[in-house]
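A short write-up of the structure that comes next.
The values are calculated or read from the model by the stated rules, or taken from the named source; none is laboratory data. Note that the coordinates shown come from a computational prediction; the quantities given were computed from them, not determined experimentally. Neighbour counts are summed over all protein chains in view; Cβ atoms, including those assigned to glycine, are modelled from backbone coordinates with ideal geometry.
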Amino acid sequence: MTKTTRIVSTTVVMALLLWAAVASASNVVVVAGQSAAKTARTRVRGANARLDAVIAEAVTRSQTFRGLVDTILTTDGIVYVAEGECGQGVRACLLAMVTIAGPNRLLRIAVDPRKSDEDLIGTIGHELQHAIEVLSDHYVRSSSAAILRLKEICSACGSRYETDAAVKAGDAVRAELQKTESFPHQ
């Protein structure tokens with residue numbers, strides 16, 4: 001086998017593996033809850049069992065959170081919520097990175113794992129609104145385009161950005177949680 005043939009073969013195999021991963025990933029997680037999240041595959045995914053459980057609880061207990069998930073379900077975005085650091089003293093953030101995987105735009109939210117589940121739910125709701133702000137522009141298909149979009153939304157924010165919509169979303173989710181009973185996690 002020539003070097004060129006090996007390179008082409010390897011590239012084809014990698015492309016097929018990526019395609020298979022994207023195809024299977026889009027069929028994996030179903031969130032227990034109401035609305036579209038009950039019947040459709042979710043496009044908001046926890047990176048571990050705890051975050052999956054927190055997201056499932058949020059969809060059930062908060063109409064605002066459920067609305068955020070429903071909005072993301074109508075996009076070509078998949079949002080992964082993972083434990084991680086954001087820097088600048090921030091305990092959660094939407095990372096300004098967009099990865100294209102087949103027909104999907106992948107975004108990542110990093111959260112501080114030391115937060116209580118209820119605090120995580122409000123924080124994730126806040127960050128999901130930021131994800132919607134990025135996903136609402138179909139031309140955002142790269143990390144640099146995401147950064148430009150975020151700067152467009154919040155031109156006076158510098159390296160950190162904040163929007164009224166995200167603050168309101170997080171506050172609404174937290175208020176709804178206070179009115180409902182939390183679920184014991186298994």
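Quick notes on this structure:
- Taking segment 84-102 as the range and being in contact (Cβ under 8 Å) with a residue 60 or more places away in the chain and of a type outside the set (S, T, N, Q) as the test, the residues that pass are Val90, Ala101, Gly102.
- Just one of the listed residues (Arg105, Arg91) is surrounded by fewer than 16 Cβ atoms within 10 Å (Cβ to Cβ), touching an Asp or Glu at 6+ places or on another chain (Cβ under 7 Å) and under 25 Å from Lys151 (Cα atoms), and it is Arg91.
- Of the helices (runs of 4 or more DSSP H) lying entirely inside segment 1-90, those carrying at least 3 residues that are closer than 27 Å to Val167 by Cα and modelled with pLDDT of 50 or more are 49-61, 63-73.
- Some residue of segment 119-126 being among the polar types (S, T, N, Q) and under 17 Å from Gly170 (Cβ atoms): yes
- Test for Ser136: is it of a type in the set (Ser, Thr, Tyr) and either within 17 Å of the chain's Cα centre (by Cα) or not assigned by TED's automatic domain parsing to the domain that holds Gly46 (or both): yes
- Residues satisfying the criterion are absent from segment 130-139 (criterion: farther than 19 Å from Asp52 by Cα, touching a His at 6+ places or on another chain (Cβ under 6 Å) and not in a loop (DSSP other than H, G, I, E, B)).
A quick yes/no check of all residues on (1) of a type in the set (S, T, N, Q); (2) surrounded by fewer than 22 Cβ atoms within 10 Å (Cβ to Cβ); (3) modelled with pLDDT of 90 or more; (4) over 18 Å from Leu68 (Cα atoms):
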| residue | (1), (2), (3), (4) |
| --- | --- |
| Gly122 | no, no, yes, no |
| Glu127 | no, no, yes, no |
| His138 | no, yes, yes, no |
| Arg141 | no, yes, yes, yes |
| Lys151 | no, yes, no, yes |
| Cys154 | no, yes, no, yes |
| Cys157 | no, yes, no, yes |
| Ala169 | no, no, yes, no |
| Leu177 | no, no, yes, no |
